[in-house]
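The values are calculated or read from the model by the stated rules, or taken from the named source; none is laboratory data. What you see is a predicted model, and the numbers here were worked out from it, not measured in a lab. Reconstructed Cβ throughout: ideal geometry from the backbone, glycine too, with neighbour counts over all protein chains shown.
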Amino acid sequence: MVPGSLVRSRSLQRARFQERLVKKFFLAFSLVSIFTTLGIIFILFFESVGFFRRVSIVEFLTGTKWTPLFYEKHFGILPLLTGTLLITVIAILVAAPLGILTALFLSEYASPKVRRLVKPVLEILAGVPTVVYGYFALLFVTPLLRRFIPSISGFNALSPGIVMGIMILPLVASLSEDAMQAVPQSLREGGYALGATKFEVATQIVFPAAFSGVTASLVLAVSRAVGETMLVTIAAGQMPQFTFNPLVPIETMTAFIAQISMGDTPTGSLEYQTIFAVGLMLFILTFLLNLLARRLRERFRERYQ
């Protein structure tokens, strides 16, 4: 009896030791991601402090001219901010209706066979490199738009906005479908029992019930569009203008960062520090969007878990 109890005790101790080891192993990986994020924040704030010591934060947030590489320097970020928001709005106007309709089709109408066919196609769209999307916008979509809008420039906001909408479409469709699939079947059955048609159940029961999850997918898609770099760098141009006209060249925050990073800007110069000031603004914007999306997703889980 005693040897058997001793063996069981040792086995229990070994299992507990392994559990503690695995717990510390996972904690170490979690800390790596946390410290990486803190390092990014520290670098952005540290370099941005040097920038704002030389440039007024009021001018930075309210100025309508952005010419840090010119002889007469201006550091108003509004042209970059409006360019980013302009392309993002166009993208979400394309992705939101198409993505939600696709999600409704996959969730409520498509057979399992059709769903297995459409899902991989959406995943292919999500896996296409953004450089390919950029040249597709520049060499195909822009010439196509010029047939209907002769005044459109070779570089513009409309073309990359439309293509970006196609690029983020899989994100909206996939997350929205997950939200709709999580709606309890009893809600659908209750609608059918009251005499509702399939269309009425899909649009008046399933969609409103999954609205918070759909909204979270849209916010995440907006965050993805705000942080896109190569597509807008190739197709939107590099001309910062404070304008809401989608037919003229503009520049986004990410495109400016790419432009400066690939140049011969001396390290430590004021021009070099603009990268971090713009990066800080971009970080704050995407952080707020991701925080909003998380709040909506938590609300969605609490309601239908």
Inset, instruction - For segment 234-282, name all the residues that are hydroxyl-bearing (Ser, Thr, Tyr) and surrounded by 18 or more Cβ atoms within 10 Å (Cβ to Cβ). - result: Thr252, Thr254, Thr265, Tyr272, Thr274
Legend entry - So Leu31, is it touching a Leu at 6+ places or on another chain (Cβ under 6 Å), farther than 28 Å from Leu158 by Cα and not assigned by TED's automatic domain parsing to the domain that holds Val222: no
Inset, instruction - Within segment 148-200, track down each residue that is of a type in the set (Ser, Thr, Tyr) and surrounded by 24 or more Cβ atoms within 10 Å (Cβ to Cβ). - result: Ser159, Ser176
Inset, instruction - Sort out which residues of segment 85-122 are buried (at least 17 other Cβ atoms within 10 Å of the Cβ), farther than 21 Å from Thr254 by Cβ and either among the hydrophobic types (A, V, I, L, M, F, W, C) or at pLDDT below 90 (or both), and write them in order of number. - result: Ala96, Ile100, Ala103, Leu104, Leu106, Ser107, Glu108, Ala110, Leu122
Legend entry - Selected residue (only one of Val128, Val114 is free of Cβ contacts under 8 Å to residues at least 24 places away in the same chain, out of contact with any Pro (no Cβ under 8 Å at 6 or more places or on another chain) and among the aliphatic types (A, V, I, L, M)): Val114
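For the structure I just gave you, tell me whether Glu177 is assigned by TED's automatic domain parsing to the domain that holds Ile90, over 21 Å from Lys119 (Cα atoms) and among the charged types (D, E, K, R).
Answer is no for this residue.
In contact (Cβ under 8 Å) with a residue 24 or more places away in the chain and either within 17 Å of Glu271 (Cα to Cα) or of a type in the set (Phe, Trp, Tyr) (or both): is that true of Val55 in this structure?
For Val55, the condition - in contact (Cβ under 8 Å) with a residue 24 or more places away in the chain and either within 17 Å of Glu271 (Cα to Cα) or of a type in the set (Phe, Trp, Tyr) (or both) - is met.
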Legend entry - Unmet criterion (only one of (1) touching an Asp or Glu at 6+ places or on another chain (Cβ under 9 Å); (2) more than 21 Å from Met239 (Cβ to Cβ)) for Thr130: (2)
